[in-house]
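Student: I'd like to ask you about the structure that follows.
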């Protein structure tokens, strides 16, 4: 089934869902902590709820007990050298099988370490021998996903045309035989002429992983539909849309001024979808939706964008929506949706903002 054929079924307003007021807690951090390029992972064990936190400044991985708010342990890593992490880490995953996987952006590799910080191997994910050269990227909202013997990762490519045509969005690598392929084209919404231009933020696909069903779900900012990929590589498309989403045309390249502020204003003028998440406790999907910022506000340099979170069950039947302002560093537990925020007002502290719901 094509990702690009799902049509929005109804323009009826979505049901407004009730959520609690946000509750906050704080974790004290190492004094060397950077406020940028940090990454977080929620880990649940039989005895504790843990927040794993990679500090991009000192290259240590910290494990915090969320209830006691105390540090459990820290694991140091080397930045430079043949068995080191490299200059830029954009993702990590702490697993129970004595492994920690890092995406080293400039190395173009997924690096595997044990829980003591010793290198166990690497998986190349940078490709120059396929249709075009690209530098895969990852981060909050678009992590690498492993399904059976395959790894899927965002190519980081532009959705705009060049001399080779339109790029592809997802790279797939076979972990058994080392083969790889470009696995997913951009949806038809991006099929514009060579003299048209999409801001890069409208190109970036988001994805999440549903461990209950062993599927990856991919969401594009300009598509009403989302795509699932299962362990056999089979794809299905589902409508998961807001009735307030109105498609807009790409810019013409002769409209570009080279001014970053102008390009930012162009981005905010587009209604668009953001990151997609899977809540394994309640078995629901949540998809961010950004309403367009009015031209009046943009002319006044008022850049605040109204956001909503769309909610659907595992069959992608939409349950409703709720207002939400926040980032993409999100995890789920019995209490609800938790957002991790570096707290710039209280130095060396992490703020965890929790909203509860029951749909």
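The values are calculated or read from the model by the stated rules, or taken from the named source; none is laboratory data. Predicted model only: the values in this text are computed from it and were never measured. Methodologically, a virtual Cβ is constructed for each residue, glycine included, from the backbone with ideal geometry; neighbour enumeration extends over all protein chains shown.
Student: Can you tell me which condition residue 256 does not meet? The list is (1) in contact with a strand residue (DSSP E or B) (Cβ under 8 Å, 6 or more places away or on another chain); (2) modelled with pLDDT of 95 or more, and all the others hold.
Tutor: (2)
So that you can scan it fast, the table gives a plain yes or no per residue for (1) within 27 Å of residue 332 (Cα to Cα); (2) in contact (Cβ under 8 Å) with a residue 40 or more places away in the chain; (3) in contact with a strand residue (DSSP E or B) (Cβ under 7 Å, 6 or more places away or on another chain):
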| residue | (1), (2), (3) |
| --- | --- |
| 21 | yes, yes, no |
| 57 | yes, no, no |
| 81 | no, no, no |
| 103 | yes, yes, yes |
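Student: Looking at (1) under 24 Å from the mean Cα position of the chain (by Cα); (2) loosely packed, with under 13 Cβ neighbours inside 10 Å; (3) at pLDDT 85 or above, which is the only condition residue 46 fails?
Tutor: (1)
Student: OK, next. Please verify whether residue 269 is within 29 Å of residue 318 (Cα to Cα) and free of Cβ contacts under 8 Å to residues at least 12 places away in the same chain, treating the condition exactly as stated.
Tutor: When the stated conditions are applied, residue 269 does not pass them.
Student: Exactly one of (1) more than 30 Å from residue 158 (Cβ to Cβ); (2) without any contact (Cβ under 8 Å) to a residue 40 or more places away in the chain is unmet by residue 75. Its number?
Tutor: (2)
Student: For segment 320-340, which positions are surrounded by 15 or more Cβ atoms within 10 Å (Cβ to Cβ) and in a strand (DSSP E or B)?
Tutor: Selection gives 320, 321, 322, 330, 331, 332, 333, 336, 337, 338, 339, 340.
Student: So how many residues does segment 102-122 have that are surrounded by 19 or more Cβ atoms within 10 Å (Cβ to Cβ) and in a strand (DSSP E or B)?
Tutor: 7
Student: All but one of (1) on the phi > 0 side of the Ramachandran plot; (2) surrounded by fewer than 18 Cβ atoms within 10 Å (Cβ to Cβ); (3) modelled with pLDDT of 85 or more hold for residue 37; which doesn't?
Tutor: (3)
Student: Could you list, in sequence order, all residues of segment 70-97 that are modelled with pLDDT of 90 or more, surrounded by 12 or more Cβ atoms within 10 Å (Cβ to Cβ) and not in a strand (DSSP E or B)?
Tutor: 77, 78, 79, 84, 85, 86, 88, listed by residue number.
Student: Considering only residues that are touching a helix residue (DSSP H, G or I) at 6+ places or on another chain (Cβ under 9 Å) and in a loop (DSSP other than H, G, I, E, B), look in segment 284-307 and name the one that is nearest to residue 328 (Cα to Cα).
Tutor: The qualifying residue nearest to residue 328 (Cα to Cα) is 305.
Student: Can I ask one more? From the list 14, 51, exactly one residue is part of a loop (DSSP other than H, G, I, E, B), touching a strand residue (DSSP E or B) at 6+ places or on another chain (Cβ under 7 Å) and in contact (Cβ under 8 Å) with a residue 60 or more places away in the chain. Which is it?
Tutor: Of 14, 51, the one residue that is part of a loop (DSSP other than H, G, I, E, B), touching a strand residue (DSSP E or B) at 6+ places or on another chain (Cβ under 7 Å) and in contact (Cβ under 8 Å) with a residue 60 or more places away in the chain is 14.
Student: Criterion first (more than 16 Å from the chain's Cα centre (by Cα) and under 27 Å from residue 228 (Cα atoms)) does residue 247 satisfy it?
Tutor: Against the criterion (more than 16 Å from the chain's Cα centre (by Cα) and under 27 Å from residue 228 (Cα atoms)), residue 247 qualifies.
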